[in-house]
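**Student:** Please read through the structure below; I'll follow up with questions.
Every number in this text was worked out from the coordinates using simple rules, so none of it is lab data. Fair warning: this is a prediction, and the values are worked out from it, not measured in the lab. With ideal geometry, Cβ positions are generated from the backbone for all residues, glycine too; neighbour counts draw on all protein chains shown.
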Amino acid sequence: MATHELIPLFPLSLVLLPAMPLPLHIFEERYKEMIGDLLSTQGEFGVVLAKDNGIVNIGCTARVERVVKRYPDGRLDLVAIGQRRFIIDSLDEEKSYLRAQVEFFNDEDATEVPFDLRQRTRQAYRTLLALEEPGEVAEPNFDLNRMSFQVAQFISDVDKRQTVLSLRSEIARLEFLVNVIPEYVAQQERIARANRVAPLNGHVKAQIGQ
């Protein structure tokens, strides 16, 4: 039976995944109020991807794990952790911050991930490591049922991460990641090379123009 609940919403320009840490700096008055309400009840808030044309209707809840710093003016630095996936049924604007009636969902396919797919996921993950600073990324626990969410944390492309969040099968999520990671890594490497070359080009042009 589906679980429905009214929860606060925090639209952001990112996609939160279950078990993913989320550092936040809270400075808007409406979100100070929201976090104040949540800290008193230890409740969850929903993180949804905000786009130019509105918010995406599938998101992930977060629970505040710890408050890192409180400022005299009421601002907060905190760390939240991704919890449950949901789909928005309706919006509620009675409070200063947005809320939504949501339906939580889990995977519909609990088939065990084949060994070969686990191995291909390991290899795809290693190609992602090349994009990160050495020592900053821990090896995911590939024995967990939802290792797809661990791997997808390191993909900055919000549309790809949103797809991972929305799929209701671990096998489907891993197949998707294994297919998209090689091109994603190649794209990120092209961007990095362009960023390295661009300042040099600008410097050369400036010299030529003198």
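**Student:** Under 18 Å from the Cα of K69, which aspartates and glutamates turn up, not counting those fewer than eight places away in the same chain?
**Tutor:** Output for K69: E28, E29, E33, D37, D77.
**Student:** Follow-up. Just tell me which aspartates and glutamates come within less than 15 Å, Cα to Cα, of K51; anything on the same chain fewer than 8 places away is out.
**Tutor:** D157, D159
**Student:** How long is the chain along each principal axis, judged by its Cα atoms, biggest number first, in Å?
**Tutor:** Projected onto its principal axes, the Cα set of the chain covers 60, 54, 34 Å.
**Student:** Starting with the highest mean, order 33-41, 105-113 by the number of other Cβ atoms within 10 Å, averaged over the residues of each peptide. It would help to have the intermediate numbers written out before the result.
**Tutor:** Values: 33-41: 14.7, 105-113: 11.9.
Sorting 33-41, 105-113 by mean packing, highest first, produces 33-41, 105-113.
**Student:** Moving to a separate point now. When the helices in the chain are scored as -39500 (n - 2.57) per DSSP H run of 4 or longer and the sum is shared across all residues, what 222 nm value do you end up with, to the nearest 500 deg cm²/dmol? List each step's numbers first, then the result.
**Tutor:** On the way: 5 runs with 83 residues, N = 210.
Helices in the chain give a 222 nm mean residue ellipticity of -13000 deg cm²/dmol.
**Student:** Then there's this: Report the extension gain between E183 and D77 in nm, rounded to one decimal, defined as 0.36 nm multiplied by the number of residues separating them, less their alpha carbon distance. Present the calculation step by step, with values, prior to reporting the outcome.
**Tutor:** Values: separation 106, 0.36 × 106 = 38.16 nm, distance 3.52 nm.
So the chain would gain 34.6 nm between E183 and D77.
**Student:** Suppose a student asked you for the relative contact order of segment 3-104, using Cα pairs under 8 Å spaced at least 6 residues apart; what percent would you report? Kindly include the intermediate steps, with their values, before the conclusion.
**Tutor:** Working: 229 pairs, mean separation 37.0, N = 102.
It comes to 36 percent, rounded to a whole number.
**Student:** For segment 3-104, what mean projected area does the convex hull of the alpha carbons give, in nm²? Don't skip to the end; give the middle numbers.
**Tutor:** On the way: hull surface 24.7 nm².
Directional mean of the projected Cα hull area for segment 3-104 stands at 6.2 nm².
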